[in-house]
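Enquirer: One structure, as C-alpha coordinates, below. Some questions next.
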Amino acid sequence: MRLPTRKSEKQNLQPVDLHITREKYDELTALRERLKKARPKLADEVKRLAEMGDFSENAAYQIAKGRLRGLNRRLDETEYLLNHAVIIKHQNGGAAQLGHTVTVEVNGKQKTYQILGSSETDPARGIISHNSPLGAALLGKRVGERVRVPLNNKTVAYTIVNII
(Lines give C-alpha, C1' and ligand atoms only; values in the text may rest on other atoms or scores of the structure.)
Protein backbone atom coordinates (compact mmCIF):
# COMPACT_ATOMS: atom_id res chain seq x y z
CA MET A 1 0.00 0.00 0.00
CA ARG A 2 1.31 3.41 -0.95
CA LEU A 3 1.40 6.05 1.78
CA PRO A 4 -0.02 9.47 0.92
CA THR A 5 2.55 12.16 0.23
CA ARG A 6 0.37 15.21 -0.28
CA LYS A 7 -0.96 17.17 2.65
CA SER A 8 -4.52 16.91 1.31
CA GLU A 9 -4.22 13.11 1.08
CA LYS A 10 -2.96 12.87 4.67
CA GLN A 11 -5.96 14.87 5.88
CA ASN A 12 -8.26 12.22 4.37
CA LEU A 13 -6.78 9.66 6.79
CA GLN A 14 -7.78 11.64 9.89
CA PRO A 15 -10.64 10.02 11.83
CA VAL A 16 -13.80 12.09 12.03
CA ASP A 17 -15.76 12.43 15.27
CA LEU A 18 -19.39 11.90 14.33
CA HIS A 19 -20.91 12.91 17.70
CA ILE A 20 -22.82 16.17 17.13
CA THR A 21 -25.69 18.06 18.74
CA ARG A 22 -29.07 18.55 17.07
CA GLU A 23 -28.15 22.22 16.51
CA LYS A 24 -24.96 21.24 14.66
CA TYR A 25 -26.95 18.71 12.59
CA ASP A 26 -29.41 21.43 11.57
CA GLU A 27 -26.51 23.76 10.74
CA LEU A 28 -24.93 21.08 8.50
CA THR A 29 -28.28 20.47 6.79
CA ALA A 30 -28.56 24.19 5.97
CA LEU A 31 -24.96 24.18 4.69
CA ARG A 32 -25.73 21.22 2.42
CA GLU A 33 -28.70 23.07 0.93
CA ARG A 34 -26.60 26.22 0.32
CA LEU A 35 -23.89 24.15 -1.39
CA LYS A 36 -26.43 22.34 -3.57
CA LYS A 37 -27.88 25.69 -4.68
CA ALA A 38 -24.43 27.12 -5.48
CA ARG A 39 -23.23 24.09 -7.47
CA PRO A 40 -25.22 24.62 -10.73
CA LYS A 41 -24.05 28.23 -10.98
CA LEU A 42 -20.40 27.18 -10.60
CA ALA A 43 -20.84 24.32 -13.09
CA ASP A 44 -22.31 26.75 -15.63
CA GLU A 45 -19.36 29.08 -15.12
CA VAL A 46 -16.90 26.21 -15.71
CA LYS A 47 -18.80 25.23 -18.86
CA ARG A 48 -18.81 28.82 -20.13
CA LEU A 49 -15.08 29.23 -19.50
CA ALA A 50 -14.31 25.85 -21.10
CA GLU A 51 -15.81 27.11 -24.35
CA MET A 52 -13.12 29.79 -24.53
CA GLY A 53 -10.67 27.30 -26.01
CA ASP A 54 -7.19 26.27 -24.87
CA PHE A 55 -7.35 24.82 -21.34
CA SER A 56 -3.61 25.09 -20.66
CA GLU A 57 -3.59 28.89 -20.87
CA ASN A 58 -7.10 29.53 -19.58
CA ALA A 59 -6.41 30.62 -15.99
CA ALA A 60 -10.02 31.62 -15.34
CA TYR A 61 -11.13 28.11 -16.32
CA GLN A 62 -8.55 26.49 -14.02
CA ILE A 63 -9.63 28.69 -11.10
CA ALA A 64 -13.33 28.01 -11.67
CA LYS A 65 -12.68 24.27 -11.97
CA GLY A 66 -10.74 24.37 -8.68
CA ARG A 67 -13.62 26.20 -6.97
CA LEU A 68 -16.08 23.59 -8.28
CA ARG A 69 -13.86 20.76 -7.01
CA GLY A 70 -13.66 22.46 -3.60
CA LEU A 71 -17.43 22.87 -3.47
CA ASN A 72 -17.94 19.21 -4.44
CA ARG A 73 -15.46 18.09 -1.76
CA ARG A 74 -17.21 20.19 0.88
CA LEU A 75 -20.60 18.85 -0.22
CA ASP A 76 -19.32 15.24 -0.03
CA GLU A 77 -17.89 15.83 3.46
CA THR A 78 -21.15 17.39 4.65
CA GLU A 79 -23.21 14.54 3.18
CA TYR A 80 -20.95 12.00 4.91
CA LEU A 81 -21.27 13.75 8.27
CA LEU A 82 -25.06 13.99 7.97
CA ASN A 83 -25.43 10.35 6.90
CA HIS A 84 -23.23 8.98 9.69
CA ALA A 85 -23.89 11.50 12.48
CA VAL A 86 -24.57 10.31 16.01
CA ILE A 87 -26.88 12.88 17.62
CA ILE A 88 -25.96 13.63 21.23
CA LYS A 89 -29.08 13.18 23.34
CA HIS A 90 -29.19 14.78 26.75
CA GLN A 91 -29.80 12.01 29.26
CA ASN A 92 -30.56 12.43 32.91
CA GLY A 93 -28.45 10.38 35.23
CA GLY A 94 -25.82 10.64 37.86
CA ALA A 95 -22.76 10.10 35.68
CA ALA A 96 -21.26 12.65 33.30
CA GLN A 97 -21.94 11.81 29.65
CA LEU A 98 -21.75 13.44 26.23
CA GLY A 99 -23.97 16.52 26.19
CA HIS A 100 -23.77 17.15 29.94
CA THR A 101 -22.57 20.37 31.51
CA VAL A 102 -20.17 19.63 34.36
CA THR A 103 -19.09 22.10 37.05
CA VAL A 104 -15.73 21.27 38.61
CA GLU A 105 -13.62 22.81 41.32
CA VAL A 106 -9.91 23.21 40.70
CA ASN A 107 -7.53 25.12 42.96
CA GLY A 108 -10.46 26.62 44.88
CA LYS A 109 -12.17 27.98 41.75
CA GLN A 110 -15.26 26.62 40.03
CA LYS A 111 -15.28 26.14 36.27
CA THR A 112 -18.09 24.86 34.05
CA TYR A 113 -17.55 22.71 30.96
CA GLN A 114 -19.94 21.22 28.44
CA ILE A 115 -18.78 17.88 27.03
CA LEU A 116 -19.48 17.53 23.28
CA GLY A 117 -17.96 15.92 20.19
CA SER A 118 -14.64 17.06 18.77
CA SER A 119 -16.19 19.02 15.91
CA GLU A 120 -18.00 21.41 18.27
CA THR A 121 -15.30 22.24 20.80
CA ASP A 122 -14.68 25.82 21.86
CA PRO A 123 -12.54 25.91 25.02
CA ALA A 124 -12.94 29.70 25.33
CA ARG A 125 -16.70 29.15 25.80
CA GLY A 126 -16.23 26.12 28.08
CA ILE A 127 -17.08 23.50 25.45
CA ILE A 128 -14.62 20.59 25.55
CA SER A 129 -14.31 17.38 23.58
CA HIS A 130 -15.01 13.98 25.07
CA ASN A 131 -11.62 13.03 23.56
CA SER A 132 -9.70 15.76 25.42
CA PRO A 133 -7.80 14.72 28.56
CA LEU A 134 -10.28 16.50 30.86
CA GLY A 135 -13.37 15.42 28.91
CA ALA A 136 -12.26 11.78 28.87
CA ALA A 137 -11.50 11.89 32.60
CA LEU A 138 -14.93 13.35 33.46
CA LEU A 139 -16.97 10.83 31.46
CA GLY A 140 -18.66 8.29 33.71
CA LYS A 141 -17.84 10.17 36.92
CA ARG A 142 -20.39 11.38 39.48
CA VAL A 143 -20.81 14.45 41.71
CA GLY A 144 -18.24 14.46 44.51
CA GLU A 145 -15.69 12.32 42.67
CA ARG A 146 -12.17 13.57 42.07
CA VAL A 147 -10.33 13.13 38.79
CA ARG A 148 -6.66 13.69 38.13
CA VAL A 149 -5.68 14.91 34.69
CA PRO A 150 -2.08 15.10 33.44
CA LEU A 151 -1.53 18.54 31.88
CA ASN A 152 1.81 20.05 30.86
CA ASN A 153 4.18 17.94 32.99
CA LYS A 154 1.95 18.11 36.08
CA THR A 155 -1.23 16.49 37.33
CA VAL A 156 -4.25 18.69 38.07
CA ALA A 157 -7.00 17.46 40.42
CA TYR A 158 -10.62 18.33 39.63
CA THR A 159 -13.57 17.73 41.96
CA ILE A 160 -16.97 17.37 40.32
CA VAL A 161 -19.43 19.79 41.94
CA ASN A 162 -22.48 19.53 39.65
CA ILE A 163 -23.68 17.68 36.55
CA ILE A 164 -26.53 19.03 34.43
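The values are calculated or read from the model by the stated rules, or taken from the named source; none is laboratory data. No experiment lies behind these values; they were computed from the predicted model shown. Reconstructed Cβ throughout: ideal geometry from the backbone, glycine too, with neighbour counts over all protein chains shown.
Enquirer: Being over 17 Å from the mean Cα position of the chain (by Cα) and of a type in the set (D, E) is the filter here; which residues of region 87-123 pass it?
Expert: Answer for region 87-123, where residues must be over 17 Å from the mean Cα position of the chain (by Cα) and of a type in the set (D, E): just E105.
Enquirer: Here's a follow-up. Confirm whether Y80 is aromatic (F, W, Y) and surrounded by 14 or more Cβ atoms within 10 Å (Cβ to Cβ).
Expert: So Y80 fails the test.
Enquirer: P133 fails exactly one of the following numbered conditions: (1) surrounded by 17 or more Cβ atoms within 10 Å (Cβ to Cβ); (2) not assigned by TED's automatic domain parsing to the domain that holds V46. What is the number of that condition?
Expert: Status for P133: all satisfied but (1).
Enquirer: Name the single residue, out of those in region 108-127 being of a type in the set (A, V, I, L, M) and assigned to a strand (DSSP E or B), that is surrounded by the fewest Cβ atoms within 10 Å (Cβ to Cβ).
Expert: I127
Enquirer: Determine the pairs where a residue that is outside any strand (DSSP E or B), located within region 78-107, has a partner that is among the hydroxyl-bearing types (S, T, Y) and surrounded by fewer than 19 Cβ atoms within 10 Å (Cβ to Cβ) with Cβ atoms under 9 Å apart, the partner being 6 or more residues away or on another chain.
Expert: Final answer for the pair search is T78/T29; L81/Y25; L81/S119; L82/Y25; L82/T29; A85/Y25.
Enquirer: Give G126, G144 a once-over and let me know the one that is within 24 Å of the chain's Cα centre (by Cα), at positive phi and either in contact (Cβ under 8 Å) with a residue 24 or more places away in the chain or not assigned by TED's automatic domain parsing to the domain that holds E23 (or both).
Expert: Within the list G126, G144, the selection yields G126.
Enquirer: Would you mention how many residues in region 102-127 are in contact with a Gly (Cβ under 8 Å, 6 or more places away or on another chain) and hydroxyl-bearing (S, T, Y)?
Expert: Total satisfying the criteria: 2.
Enquirer: Next question. Take the residues in region 61-83 that are of a type in the set (A, V, I, L, M) and under 21 Å from the mean Cα position of the chain (by Cα); name whichever of them is nearest to R39 (Cα to Cα).
Expert: That would be L71.
Enquirer: Give me the pairs: first residue in region 44-65 and assigned to a helix (DSSP H, G or I), second residue basic (K, R), beta-carbon distance under 7 Å, and six or more apart or on different chains, which are they?
Expert: V46/K65
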